[in-house]
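Visitor: This is the structure I have questions about; it appears just below.
The values are calculated or read from the model by the stated rules, or taken from the named source; none is laboratory data. All of these numbers come straight from a predicted model, not from anything done at the bench. Using ideal geometry, Cβ is built from the backbone for each residue, glycine included, and neighbour counts are taken over all protein chains shown.
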Amino acid sequence: MSAGTTNTNLLPIMRNDYSLDSVCCTKRTLQTFSHMWIVENFSSYLQDPEPIICLSSSPFSPVVGASALTQWRLVCYPKGNYGAASNYMSIFLEYIKGERDIKAKAEYSLVNRKCELTEMRKDAQFSVYKCGNTRGFINYVKYDTLTLLENDTLDDDKLKIYVRITIMDDAITEDTKYQEYDDTECINFTTRGLEGLVRDFSQLLLHSPPKMSDIKILARVSPSQNSNGIIEINHHDSNPSKVTFHVHKLILAARSPVFAAMFSNSTLESTTNIIEINDLRSETIQSMLEYIYTGKVNDIKNSTVELYRCADKYQLEDLRLQAEMALMSSISVETSAEILLLADQHHSKELKSRVIQFIVNGNLKAITQTEGWHKYVACIPDLVTEVIQATTHE
C-alpha cells in the first residue's frame, strides 16, 4: 500500500439498521421574559448632592410558565454602588418573591433614542437566585458618557433600561415515541417557517393584484399621502379624495374580532365588500394592515396616538400594547395633554398614571401653558380635577 492512501476496508462500518424497544428523552425548559424600566429626568440623579442614590423599578413577573408567580425588580445606582469604580453606574437584578430557588441569568441593555439596544452586558452563566438575592454589574457603564451631546443614549433625559431574563427549569426525563431523524437536517423550522410566513403575507399585502382580493377599504387621503404597492389612489372615482386598500376578508376576520363580527352578519360592508373608514388617516390604516398581515409595524412612532385609537377600535390587543409602550416613551411637555386625554378615553390606567406622574413631577406649570392643555384637558373638569388631586398627593 503506497504512502498517502487509505485502506477503506480498515474503516469501521457505519450501519443504520438497528432496532429499538423503547426510548426516553430528558428535557429542560428555558423560559425567557423581558422588562423595560424608564427613569425620567435621569441627569438630575447625577447632579444630586447625595453620594449614593438607589433607584428601584416596579416588580415584574414572567407572563406565563412555571415561574409566573415569581417577582423580580431592577435596582440602579446612577452614581455607582459601594465598591464601584469612579464614574460608573451600577445595575442589578433582584429576586424579590418566589417559593423556590431559581436558576437564571440576565442580559442588560440601554435603549437609545433610535430604539436600538446599546451597552449590552450579560451574565456569562446561570446562577442560583434565592429569594432576596441580587446580582448584576457594579461597573455597568460610565455615567458621565450618558449625558454627552453626541450620545444618543438618553431620549429626552429618559434612561431606558431593558433586561432579558432566562430561567432554567429542572431536567425531566420521560418516555417518548421514537422517531428517526438526520442530525444534519436538524434546523429550527419553526423560526424559519414564521419568517417565511411574514415575508409571504407581506408580499400578499403589498403586491397581490386587486382581482385576488375580495374586499376594499376606503380611507381619506392625507395631505402628505405617498402611495405604494398596497394603495390605489382613486383618480377616476366620484370621490378622488379616497384611498383604496385591496385586502382579504379571511385575514381581517382571523386577526380582528371586530372585522369577524362585521363579516359574519348582514352588514353593509359584508354585502358591498367595501369598508369606509373616515375617522382614521390612510397612513394609520396602512400601519394597521401591516400589523394584521405581518404581526409588526415598521414605524410605530409615525402616528402613535391615532394608531392606538385604531388598535383599540378593532380590538388588536398586541398592537394596542405596542402603541401604548411607544406613547409612554414619548411623553413630553408638548404631548402629555393629548396622551392624557387618550388614556382617559380608552380607559388605560397604566398610561394615564404615567402621564399624570409626569405632569405633577415639576412640569405642571409648563404643560398648562401649552396649546394642547387648553385643547385636550382644560375643557374636561374631571381630568383637571384628577391632575390637581395628584398634585396635592405629591
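Visitor: Name the strands (runs of 3 or more DSSP E) wholly inside region 66-123 in which the number of residues that are in the same structural domain as Phe137 (by TED's automatic domain parsing), β-branched (Val, Ile, Thr) and surrounded by 13 or more Cβ atoms within 10 Å (Cβ to Cβ) is 2 or more.
Guide: Strands (runs of 3 or more DSSP E) meeting the threshold: 88-97, 102-111.
Visitor: How many residues, within region 343-394, are surrounded by 13 or more Cβ atoms within 10 Å (Cβ to Cβ) and either hydroxyl-bearing (Ser, Thr, Tyr) or at pLDDT below 85 (or both)?
Guide: 6
Visitor: Pick from region 295-309 the residues that are in a helix (DSSP H, G or I) and under 26 Å from Glu116 (Cβ atoms): which of them is farthest from the chain's Cα centre (by Cα)?
Guide: Residue satisfying both the conditions and the ranking: Glu306.
Visitor: Residues Ile339, Ile292, Ile285: which one is in contact with a Cys (Cβ under 8 Å, 6 or more places away or on another chain) and part of a helix (DSSP H, G or I)?
Guide: Going through Ile339, Ile292, Ile285 in turn, the sole match is Ile285.
Visitor: Pick from Asp318, Asp312: which is surrounded by fewer than 17 Cβ atoms within 10 Å (Cβ to Cβ) and either among the charged types (D, E, K, R) or not in a helix (DSSP H, G or I) (or both)?
Guide: Asp318
Visitor: Of everything in region 158-175 that's out of contact with any Lys or Arg (no Cβ under 9 Å at 6 or more places or on another chain) and either among the aliphatic types (A, V, I, L, M) or modelled with pLDDT under 85 (or both), which residue is nearest to Phe42 (Cα to Cα)?
Guide: Checked region 158-175; the qualifying residue nearest to Phe42 (Cα to Cα) is Leu159.
Visitor: Further question on the same structure: Does Ser58 satisfy being farther than 30 Å from Val297 by Cα, assigned to a loop (DSSP other than H, G, I, E, B) and either outside the structural domain of Met168 (by TED's automatic domain parsing) or under 22 Å from the mean Cα position of the chain (by Cα) (or both)?
Guide: no
Visitor: Can you tell me how many residues within region 30-60 are in contact (Cβ under 8 Å) with a residue 40 or more places away in the chain and of a type in the set (A, V, I, L, M, F, W, C)?
Guide: 8
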